[in-house]
Amino acid sequence: MGTSSSNGGPGNDTPLVPTWLDQDNPGAPSLPMGENPTGGDQQGSPAPFVPTPAVPTPAVASHRFTSARNNFSRFIASGGRDRKSLGRAVSQYVSNASGGAHNASRRMGSSRVAGSRLLGFMSNAVTSGVREALKSLDLEKLAGRPIEDIFLGLVDYICPDSGTVDQAIAREAFIETISDLAENGITDLDSLDASQMETVFELYATHAIEARLYNDIGSKAIVLPPDIRQVELLQQQIYDFIRRGVSDALASARNTIQSMTPDALRGFVDNIYEQTFTILQHLGRMEARLK
C-alpha cells in the first residue's frame, strides 16, 4: 500500500496542474524560415501588434483534497467494505481535487511521457524486431535476454529519474509493470503482439494512476491495518477499480497502437489518461450510489 515516492501529499493550495509537469513538452514548434511571428513579411512592415490572450488558470478551491482524503480514509478503515467511500474518494479526486478529467490527466506528467515511450519501443520491437529496437537505443547487448531483463534495462530510457515525485511515480509504475508481466502471460518480447502491447500499457497506466492517487489523497489520510493480508486485499480492490477504468478507455483502441507514429502515440496516451479519469469519475459516482 502506498509508494516509495510518497511525499506527504500536495497541499490544498497546490496548483491544479503544477507548471513543471509539462516540462517534457517544452516550447512551441519553431517557425519556418522566412516567417514573421508578428504576421508581417520579412521585407515589409510588420503587422500591428496583437497581444496574446491570457490563458485562464483553473481556480484553486480551498481544501479541495479534503473530501477525497476523508472518504479514502473511511474506505481503508472499513477494511474494504465501504465501497461507497472508495467511489466518492475517486470521483471527488477527479472532480474537486484535480478540477476535472483533463487536469487529472495533466497531473500524470512523466507517466504520460513514459507511457508513450514504452508503447513506442514495443511498436518498434514488433515491426522491426527486438534487436533493431534495442540497437536504436544503444542497448543491443540486451537482445536475447528474458523480457524482464530487457525492460529493466530500459528503465532509464522509459522513465529517467530526475528526483521529482512525478518522475518517481512513473519509474515505480514501470517497475511494478515488469513484475506483472509473467502473471499476465507476457513472457517473450520476440513474440509480442498488439494485444499484449495493450496489456502492458494497461498495466503501466493502472500502476501510475494508483501511485498518483496514493500520493495525492492517501499519504496524509491512511492508517494501515496491522494485518498485511488485509493491506494486500485493500490494495487489490483499489488496483482493480482503476484497471477497470483503464481497460474501458482502451476498449475503443484495440489493435490500433502498433501502427501509430511516435507523435500519434503521445496524443493517444494523453487521450487514454483523460478518458480513464472520466470513466473513473463516472464509476466512482455509480459506486457511491449503490445500496
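The values are calculated or read from the model by the stated rules, or taken from the named source; none is laboratory data. Predicted model only: the values in this text are computed from it and were never measured. FYI the Cβ positions are ideal-geometry reconstructions off the backbone, even for glycines, and counts take in every protein chain you see.
Can we say Ser162 is at pLDDT 95 or above, farther than 19 Å from Ser123 by Cα, hydroxyl-bearing (Ser, Thr, Tyr) and surrounded by fewer than 19 Cβ atoms within 10 Å (Cβ to Cβ)? No, not satisfied.
Give me the residue from region 210-233 that is among the hydrophobic types (A, V, I, L, M, F, W, C) and more than 23 Å from Ala101 (Cβ to Cβ) and, out of that set, modelled with the lowest pLDDT. My answer is Ile222. Gly218 meets each of the listed conditions (1) buried (at least 21 other Cβ atoms within 10 Å of the Cβ); (2) within 16 Å of the chain's Cα centre (by Cα) apart from (2). Restricting Gln167, Gln235, Gln230 to residues that are of a type outside the set (A, V, I, L, M, F, W, C), over 21 Å from Ser128 (Cβ atoms) and touching a Cys at 6+ places or on another chain (Cβ under 8 Å) narrows the list to Gln167. Applying the condition of being within 13 Å of Leu119 (Cβ to Cβ) and among the acidic types (Asp, Glu) to region 236-291 and asking which residue is surrounded by the most Cβ atoms within 10 Å (Cβ to Cβ) yields Asp270. Do you know which residues across region 250-259 are in contact with a helix residue (DSSP H, G or I) (Cβ under 6 Å, 6 or more places away or on another chain) and either more than 20 Å from Thr177 (Cβ to Cβ) or modelled with pLDDT of 95 or more (or both)? Within region 250-259, just Asn255 meets the criteria. When you scan region 200-209, do you find a residue that is under 15 Å from Val269 (Cα atoms), buried (at least 22 other Cβ atoms within 10 Å of the Cβ) and among the polar types (S, T, N, Q), even just one? Yes. Restricted to region 105-149, and to residues that are touching a Gly at 6+ places or on another chain (Cβ under 9 Å) and in contact (Cβ under 8 Å) with a residue 24 or more places away in the chain, which residue is farthest from Ala194 (Cα to Cα)? Selected residue: Met108.
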